[in-house]
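Worksheet for the structure shown next.
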Amino acid sequence: MTQVYLLNGTVAFWPQKHKLVSQVEEGKTLALSNPASRCLDLLIRHHGEVILRDIFFQQVWINNGAQVTNNTFYQNISLLRRAFKEFGLNEEWIVTVPKVGIKLESQLQIDTCEEEDEPVPPAAELARSIPTTAEVTKPPGLWGKVFAALVAVAVCAGVGFFTWRSTLDLRFQHYILLENLNGCHFFGNPDTVDYKKHQQFSRNFMQDCRTRPWVYLSAYNNFSRMSVLSCRNAFHLWGKNQCVMRYIFTSTKNDNA
C-alpha cells in the first residue's frame, strides 16, 4: 500500500512516486523533482506550521547527500507554487515567512488515504512468468544444464536492462531547463549548489544544435568532471533518443574525483 495525500479534494500527491495527479482532469499528471517532492511532503506533514529553512536544508538535501543553497531552496518552492497553480490550487497557500521559513496554509484541505501499489513493471512480470529451473522439464545430461543457464541469463538480462533504462529515465526527467541557446535546450542536474559551470559550458558549446539539440549537463562545484549527454530528442525511456555521452574535465582546487 502507498500513502497518498488528497489536496482540496482535486489533486492527489504521491510522495513516494514524486508526482501530482489531477482528480478532475483525466490523465493529467506532473512529475516533481525529488527535492520539490520532499519539500511538499514536509509541508504537508507539518500542515499550518512554519518550517524553518534549516530544517528543509537538513531533511530534503543534506540527509540525502546533496548540497543546497538559498537559490536552490527557493527555486524548488517556486516550482511547487507553479505546480499548485497548474492544478487549480491557490499558489498563495505556500507562504514564505521572511528570514524564517515556509508554511502551508491551514485553509488547504488535506486528506490522507492509501492506494494499491501500481502493477509490477513489465520486465519483472516477465521474470516472474518465465519458469524457474525447478519447474522446467530439463533435457537429460549436459543439455539440461545449458538450457537452465540460458533461462537464468535471459531473465537477469531482461531485469537488468529494464532497471538500467528506468534509472536513466528517472534521473533525466527531473533535470531543470536552464536556457535555450542557439537552438539547443540545456538542462542541469537538480542536486547541485549552483549552475555557473553549466551556464559557462552552454555559452561555449560548439556542437551543431541541429543534430542533437537536447543537452543534459551534470556538474558539481567540487568535482572537475562534467558529463554531457547530447540527444536528438528529449530523453525518454523507450524513445529513439540517439544520445552521445561525453566527459569534460576542468581544473578545480577542491577536486574529489
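Readers should treat all values here as calculations from the given coordinates under stated rules, not as data from a laboratory. Since the structure is predicted, the reported quantities are computational estimates derived from the model, not experimental observations. Virtual Cβ from ideal backbone geometry, glycine too; neighbours counted across all protein chains shown.
Summing +1 for each Lys or Arg and -1 for each Asp or Glu among the other residues whose beta-carbon sits under 12 angstrom from that of Tyr74 gives +2. Between Glu49 and Leu104, the built amide H atoms are under 5 Å apart, and every one of these is 5 or more places off in sequence or on another chain.
Averaging sequence separations of C-alpha pairs under 8 Å and six or more residues apart, then dividing by the length of the stretch 1-99, give the relative contact order as a whole percent.
Details: 88 pairs, mean separation 17.1, N = 99.
Relative CO of the stretch 1-99 lands at 17 percent.
For Ile110, the amide hydrogen comes within under 5 Å of the amide hydrogens of Asn8, counting only partners 5 or more places away or on other chains and with H modelled in the peptide plane. How charged is the neighbourhood of Asn221? Take every other residue with its Cβ under 10 Å from the Cβ of Asn221, and add Lys/Arg as +1 and Asp/Glu as -1. Net local charge, Asn221 excluded: +1.
Using the Cβ-Cβ distance between Ser227 and Thr2 with R0 = 30 Å, the FRET efficiency computed as 1/(1 + (r/R0)^6) comes to roughly 0.40. The length gained on full extension between Thr96 and Ser78, counted as 0.36 nm times the residue separation minus their Cα-Cα distance, comes to 5.4 nm. In this simple spin-label model, placing a label point 7 Å from the Cα along the Cα-to-Cβ direction at both Asp111 and Ser22 gives a separation of 2.0 nm.
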